[in-house]
1. Send over a whole-number figure in Å² for the accessible area per residue of the range 120-219, probe 1.4 Å.
2. Using a probe of 1.4 angstrom, how much of the accessible area of the chain is carbon and sulfur, in percent?
3. Which residue, P49, P152, P292, tops the fluctuation ranking in a GNM of the chain built on C-alpha contacts under 10 Å?
4. Probe of 1.4 angstrom, ligands and nucleic acids ignored: what's the accessible area per residue over the range 243-350, in square angstrom?
5. Are there any helices in the chain, counted as whole DSSP H runs, that stretch 18 Å or more along their axis by Cα and score at least 0.0 on average by Kyte-Doolittle, and if so which?
6. Of S149, S277, S173, which is the most mobile in a GNM of the chain whose springs link Cα atoms less than 10 angstrom apart?
7. Along the charge dipole of the range 166-224, Cβ charges K/R +1 and D/E -1, which of L194, L183, G216 sits furthest on the positive end?
8. Which residue fluctuates the most in the chain, going by a Gaussian network model with Cα springs under 10 Å, if the choices are S325, S207, S265?
Amino acid sequence: MEKFDPQYKKSNFPQIRPQWLALRREAVLQPEQRIVDAHHHFWDEESAPYHADDLLADIGTGHAVEATVLVEGKARYRTGGPEHLRPVGETEFAVAQAELAAGRGAGLCHGIVAWADLLLGPKVEEVLHAHVEAGKGRFRGIRSRAAWSENPVLSGPADGPPQGLLLDRVFQSGVQVLTRMGLSLDVWVYHTQLADVVQFAQQCPESRIVLNHVGGPLGIGPFEGRRAEVFDIWRASMAELGRCSNVAVKLGGLGMPRTGFPFASAETPVSSEELASAWRPYVEACIESFGPARCMFESNFPVDKGMCSYGTLWNAFKRLAAGCSQDERDALFHGTATRVYRLDANAIGV
C-alpha cells in the first residue's frame, strides 16, 4: 500500500492513495439528496491527474450529484498565440471533458470558472469574450488566486500574486468589466486577508463574489498548533464579511494540506463522523454569518481526495447539514450554486 509522503504538507497538490482510500467504505447517507458540486478541478498534475473519467468514477460511488462547476487549475492553457489569451485553453479543455462525459451520469462542468488576468484592466474584456465563446454556454466567471503570504511555507499554491491584489485599482477596473458582462468572481485568499475581501466587496458592491474554501483558515507554518486562536480571528472576519450581501461562500476545501488537519497521514482513512466533528465549527460559523442562501458545499476534488474519498466527503457534509430544514439543505447542496452560477435548473433537474 502507498506510504504517506510528509512532503505532502508542503504542496498544494494532494498525494492520492487509492489503496489507502479503499480501506474505508461507507454507506451513502441520504442518497436522494440532490447535489451540485460547486467546485472541482481537472488537470494533468503528475502527482494527481484528474479528468472527467476520474470524477465520474468518484460520483459513481452513490451520491446524487447531478451537475458540477469546474474551477480553474491552470490546466491545458494554449501553447501558442497571444499570451493573454492562452488561459482560454482551459475553458476549451473543460468543454471537451464535459462533452466526453455527456450521457454518462452527472452533467459535468455545467458551469466553468476559468482564469484571466484582471490586471489587464479594461483590456481583459477581449479575454472574457474569448472564454464565453469557448465555453459554449457554460462559462460563468473568473477565479482570482489572491492568496498571499510573506512566509515561504505559504507562498507556493497561489503562484505568486502581488500583495493586496484585490485592492489594486487596475484589478478592480478588470472586475468592473467582469461585472458588466454578468460574470462572477471567485476569490481564494488566506484567513489573514479577509479584511481585504471585506474592503473589496464594499468597493465593488455590484460584483457577485464567491469566497472559496471557507475563507482559507491556515494551520501550518506559523499557524501550526494555534487552531483555536486562528479560529477566533477567522470567525470574526467571516462575520464581518457576511454583512456584505454580494458575497457567497463555498463550504469545503478543509482537506487541503494548509488547513493543518492531520487526517491524510492517518493509518486508515478518516470517517465522515470524524470529518464532520472537526469541520463543524467552520461550517456552522459560515452558515450563521452568510445564511444557507449564500453557502454552497464543494468537493474541491481532487485536492481534498488526499484526505478522504468522495463518498466520505459528502457523507460528512450531510452530517453537518443534519440540523437544517429541507429547504436549507437544498440551498446548501444545490440551490445556492445553481443560482449564483446561473445554471440551467431545468437541464440538471434541480
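1. On the way: 3930 Å² over 100 residues.
Value for the range 120-219: 39 Å² per residue.
2. Carbon and sulfur atoms account for 50 percent of the accessible area of the chain.
3. P152
4. Details: 3410 Å² over 108 residues.
That works out to 32 Å² per residue.
5. Counting only whole DSSP H runs, the qualifying helices are 88-101, 227-241.
6. S277
7. L183
8. It is S325.
The values are calculated or read from the model by the stated rules, or taken from the named source; none is laboratory data. Everything numeric in this text was worked out from a predicted model, so none of it was measured. Here Cβ is always computed from backbone atoms with ideal geometry, including for glycine, and neighbour counts include all displayed protein chains. To get the accessible areas, we keep the full protein, side chains included, count just its heavy atoms, and leave off ligands, DNA and RNA. Shrake-Rupley method; radii C 1.70, N 1.55, O 1.52, S 1.80 Å.
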